[in-house]
Amino acid sequence: MTVRTVSEARCFDGVQGIYEHASAATGTTMRFSLYLPPQARSGPVPLLTWLSGLTCTEENFTVKAGAQRTAAEAGIALLAPDTSPRGLGLPGEDDSYDFGSGAGFYVDATQDPWARNYRMYTYVTEELPKVVGEAFPLDMARQGIFGHSMGGHGALVCALRNPQRYRSVSAFAPIVAPSRVPWGVKALGGYLGEDRAAWRAYDATELVATSGWRDTILIDQGEADSFLDQQLQPEHFVSAAERAGVPVNLRLHPGYDHSYFFIATFVGEHIAHHAARLTS
């Protein structure tokens, strides 16, 4: 599959690139960001995928998180896809920030008109790894995944459903129980329909009991996050994981909000969490 270079820049002796390709999963051209550390010049390196939150593109994490320095030191590639298909002209696609464009929620939609193109779960877990694995010097046997907010939800779901693929997972302020909160109810209802049984496949709190995941899951949450009580509610996931015997390291940070200032503060520790599992 052809990957087209949009831009490339030297960064911490590695290469920060933006690329695009024709996606069979979404039926559109999709963009992604990929940082290759300097170690990639000598051979394949582990891959750590970042999933962004509502309204984001592939650029938010790339330009705001400051993750390239730590990734270069650890010898890990950073992959950041877009958060939805773009430019389809579907009815209602651009009407709100939390559904449609920029809000794919990392699910495979089953409801019209979304089902044909809004297949971000398949895109993230199957198509994009194949694309980058063929085009770049990446060790696809060593993959981790992390994300923020909607992307934290996506990272947890992808890892819990694919423990054979991902060695590590972490999240910033994730939507851990989308079936219970307004953001999730709107997205899952719109993309999957009103049968709540279908929502369980994309609800980390429901998945953790039967996932088979056993490694420690790192979650950072700001206590000054304005979305904490209504939309995030990490206590649901922690309780479910505890019952399932899955270790969770939930770190609560006084004074920190939902922004990329929060992410930039702790992203180095997240990369270290993944590096311990991907580079050993």
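The values are calculated or read from the model by the stated rules, or taken from the named source; none is laboratory data. Only a predicted model underlies this, so the values are computations on that prediction, with no experimental measurement involved. All Cβ positions, glycine included, derive from the backbone under ideal geometry; neighbour counts span all protein chains shown. Surface accessibility is based on the protein's heavy atoms, side chains included, excluding ligands, DNA and RNA. Shrake-Rupley method; radii C 1.70, N 1.55, O 1.52, S 1.80 Å.
Key figures for this structure:
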{"quantity": "Strands (runs of 3 or more DSSP E) within region 138-244 that include 3 or more residues within 15 Å of the chain's Cα centre (by Cα) and over 17 Å from Phe105 (Cβ atoms)", "calculated": "166-172, 217-222"}
{"quantity": "Count of region 102-118 residues which are on the phi < 0 side of the Ramachandran plot, assigned to a loop (DSSP other than H, G, I, E, B), surrounded by 20 or more Cβ atoms within 10 Å (Cβ to Cβ) and of a type outside the set (Val, Ile, Thr)", "calculated": "5"}
{"quantity": "Residue that is farthest from Asn249 (Cα to Cα) [pool: residues in region 200-235 that are of a type in the set (Asp, Glu), without any contact (Cβ under 8 Å) to a residue 60 or more places away in the chain and touching a strand residue (DSSP E or B) at 6+ places or on another chain (Cβ under 8 Å)]", "calculated": "Glu223"}
{"quantity": "Subset of region 80-101 (residues that are of a type outside the set (Gly, Ala, Ser) and crowded, with 24+ Cβ neighbours inside 10 Å)", "calculated": "Pro81, Asp82, Thr83, Pro85"}
{"quantity": "Restricting region 14-29 to residues that are touching a helix residue (DSSP H, G or I) at 6+ places or on another chain (Cβ under 7 Å) and outside any loop (DSSP other than H, G, I, E, B), the residue that is most open to solvent (accessible area, probe 1.4 Å)", "calculated": "Gln16"}
{"quantity": "Test for Ala74: is it aliphatic (A, V, I, L, M) and either touching a residue at least 60 places away in the same chain (Cβ under 8 Å) or open to solvent by 40 Å² or more (accessible area, probe 1.4 Å) (or both)", "calculated": "yes"}
{"quantity": "Check on Pro37, surrounded by fewer than 23 Cβ atoms within 10 Å (Cβ to Cβ), in contact with a strand residue (DSSP E or B) (Cβ under 7 Å, 6 or more places away or on another chain) and more than 18 Å from Ile263 (Cβ to Cβ)", "calculated": "no"}
